[in-house]
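Chemist: Got a structure here, written out as structure tokens. Questions coming.
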Amino acid sequence: MFVKLTDGTITRWINMDAVIQMRFDDDKHQTELFLLRENAGPIFVDASPEEIRTLMDMELERLSQIAKWTTGGPMGRI
């Protein structure tokens, strides 16, 4: 699942399935994301871990609604 996050200057889509750890850095007021990739350095984003989890929950709900509609949910049947 991808979530759109910013580091203050650059906005990017982060593959949250590749994140193995999130740690809030009080000094920088940013969250440090550690990715499960070879040679991947940490990524700092402006959102707190709680805000990131909220964005992930919203994306999961959106994907769930799409799955329901395409498999015969309220809008999938004629």
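Chemist: What ³J(HN,Hα) values, in whole Hz, does the Karplus curve 6.51 cos²θ - 1.76 cosθ + 1.60 give for the stretch 14-25 when θ = phi - 60°, with x put for Gly and Pro?
Modeler: Using θ = phi - 60°, the values come out as 10, 7, 5, 5, 8, 7, 9, 7, 10, 9, 7, 9 Hz.
Chemist: Also, I was wondering about something else. With +1 assigned to the C-beta of every Lys and Arg and -1 to the C-beta of every Asp and Glu, and no other charges, what is the dipole magnitude of the chain about the Cα centre in debye, to the nearest 20?
Modeler: The calculated dipole for the chain is roughly 540 debye.
Chemist: Can you work out the accessible area per residue across the chain, with the rest of the protein chains kept in place, probe 1.4 Å, in square angstrom?
Modeler: Here the residues of the chain average 74 Å² of exposed surface.
Chemist: Now a separate question. Which of MET22, VAL45, GLN65 sits farthest toward the positive end of the charge dipole of the chain, with +1 on the Cβ of Lys and Arg and -1 on the Cβ of Asp and Glu?
Modeler: So the residue furthest toward the plus end is GLN65.
Chemist: Can you pull the percent of the chain's accessible area that's carbon plus sulfur, 1.4 Å probe, other chains left in place?
Modeler: 55 percent
Chemist: In vacuum, with every alpha carbon of the chain counted as one equal point scatterer, what does the Debye formula give for log10 I(q)/I(0) at q = 0.12, 0.14 Å⁻¹? Two decimals, please.
Modeler: -0.42, -0.53
Chemist: Also: To the nearest 500 deg cm²/dmol, what mean residue ellipticity at 222 nm is calculated for the chain from DSSP H runs of n ≥ 4 alone, each contributing -39,500 (n - 2.57), summed and divided by the residues?
Modeler: Rounded to the nearest 500, the figure is -10000 deg cm²/dmol.
Chemist: Helix 49-70: angle to the longest alpha-carbon principal axis of the chain, degrees 0 to 90, nearest 10?
Modeler: Roughly 20 degrees, rounded to the nearest 10.
The values are calculated or read from the model by the stated rules, or taken from the named source; none is laboratory data. Fair warning: this is a prediction, and the values are worked out from it, not measured in the lab. Using ideal geometry, Cβ is built from the backbone for each residue, glycine included, and neighbour counts are taken over all protein chains shown. Note: accessible area is taken over every heavy atom of the protein model, side chains too, but ligands, DNA and RNA are not part of it. Shrake-Rupley method; radii C 1.70, N 1.55, O 1.52, S 1.80 Å.
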